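Reviewing the structure listed below.
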Amino acid sequence: MTTTEKISTVNYHLVKGCNYGCKFCFANFNDVKKQVPFKAQKRMLEIIAAQKYVRKINFVGGEPTLLGKRLVDLVKYASKLGLTTSVTTNGSLIDSRWVKEISSYLDILTVSIDSATDEINRLSGRCSKKEELPTLAHYEELASACHKYGVNLKINTVVSKFNKDENLALFINKLNPIRWKIFQALRVEGENDANFGQCEVSDAEYAEYCNRQIASVANKSIVVVETNDLMRGSYLMINPEGCFFDNTNGGYTTSQKIAEVGFEKALSQINYSAEKFVKRNGEYEVGNKNDKSGLYVKTRHFRKRQRERNVSDMEVDAVLSNIKCSFAGKVLIVVGKSFMKLNHIRIQHKNLVVMLDRFVLVTVFFCENLCELKTKNRIVLL
Ligand code: SF4
């Protein structure tokens, strides 16, 4: 197995700027002189999509929505290249209209929310330079839009000295994300070490915070706890200059430019551990809206049933991995088996609704227009 074969997700940090000034931020990219132009970013996506085992791309920053329409175009392009797409944002520059517009191409929207209290957000710097920040209603609007338009919502929370005593779970319950990742603030030399004394939480404080949230969150299966140790070396990251970088040595170690030396060679110049990626449960799957091998969109109803039956995301993933979709001539063939606790899954595609129920089942969808099916394929879990 080559190194590339161990990869499923790439985090592409498109921009070094941000409209916020979080004191624990480790994505300032102080050493990066300039980000690659739009055309080169698209070329980078082609290189990433050409790697057989890369399935998902996460667009990160700085703040990626500062790119405006260019970000939307990159998400569309990545989706059409067959990648599952994800954007991680502070959420301040987007609204429900933005979610609606991008929803045909965006599989996951990750919004960073550390606190439901303005004062804490201002103290930690999670606000604009003028100390402006979104209202809680704004985050609720984004969450509703995700649920309405079929984009999987994720929340990222960084635990620091500023928010360590808060119980954020009650607000998270309102947002109803598919995944809530709780990070321990991480020191990265050259990025946030100047302020880190104000931010740092001990392992015990971090564990206490996580336990408090887990006790209050309605759906415990959404919580992913990520300690400093799990964060180091478990993310495959590309910086705004188009180089891999890793955080295993305290600061950043950077490769040569991927477009110049190739994916494999650049990858060999940094430390990335696929084992740690799997260990931190990075390999969850939501499917790509434009991937002809199948798209799985969980409806609100499906998530509700998942909660009621206390089925974890990992169990759903195991079920979905047993459903295979493929094209043969003018038909889409869906094969499913082994549905465990879920009992049944209804799959809807266009006008067809198919019940898969504890049996190996083959379903054939007849399509009028194969091209349309390939580009607009949506399979909805009801
Ligand atoms: S919003 Fe994200 S990128 Fe911006 S300063 Fe905060 S942590 Fe850094």
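Read-outs throughout are calculated quantities, based only on the coordinates presented, and are distinct from any laboratory measurement. Values in this document were obtained by computation on a predicted structure and should not be read as measured data. Please note: Cβ atoms are built from the backbone with ideal geometry, for glycine as well, and neighbour counts cover all protein chains shown.
At full extension, Glu264 and Ser96 could sit 56.6 nm farther apart than now, given 0.36 nm per residue minus the alpha carbon distance. So, in Å, what gap is there between the alpha-carbon centers of region 174-216 and region 229-272? Rounded to whole Å, the Cα centres lie 23 Å apart.
The base-10 log of I(q)/I(0) for region 16-86, evaluated at q = 0.19, 0.29 Å⁻¹, reads -0.83, -1.33 [Debye formula, identical scatterers on Cα atoms, solvent excluded]. Label positions at Ser216 and Glu308, each projected 7 Å from the Cα along the C-beta direction, are separated by 2.7 nm. Can you tell which of Phe59, Ser92, Tyr77 lies farthest toward the positive end of the dipole of region 38-94, using +1 and -1 charges on the Cβ of basic and acidic side chains (Lys, Arg; Asp, Glu)? Of the listed residues, the answer is Tyr77.
For region 138-292, take N as its residue count and report Rg(C-alpha) divided by 2.2 N^0.38 Å. Display every interim value, and only then the final one.
On the way: Rg = 17.6 Å, N = 155, 2.2 N^0.38 = 15.0 Å.
My calculation over the Cα atoms of region 138-292 gives 1.18.
Any idea what % of Cα-Cα pairs in region 64-181 are farther than 19 Å? Walk me through the intermediate numbers first.
Working: 3175 of 6903 pairs.
Across region 64-181, Cα pairs with separations above 19 Å total 46 percent.
Determine the dipole magnitude for region 3-279: charges of +1 sit on the beta-carbon of Lys and Arg, -1 on that of Asp and Glu, nothing else is charged, the reference point is the Cα centre, and the result goes in debye to the nearest 20.
Details: 36 positive and 31 negative charges, 208 e Å.
That gives region 3-279 a dipole magnitude of about 1000 debye.
On the principal axes of its alpha carbon atoms, region 89-144 extends 37, 19, 16 Å, with the longest extent given first. Modelled spin-label separation between Arg122 and Lys39, with each label point placed 7 Å from Cα along the Cα-to-Cβ direction: 4.7 nm. Spin-label model, Gln198 to Thr253: label points 7 Å out along the Cα-to-beta-carbon direction sit 3.2 nm apart. For region 3-279, what D do you get in µm² per second when you plug the Kirkwood radius from alpha-carbon pairs into Stokes-Einstein at 20 °C and 1.002 mPa s? Translational D for this selection: 113 µm²/s.
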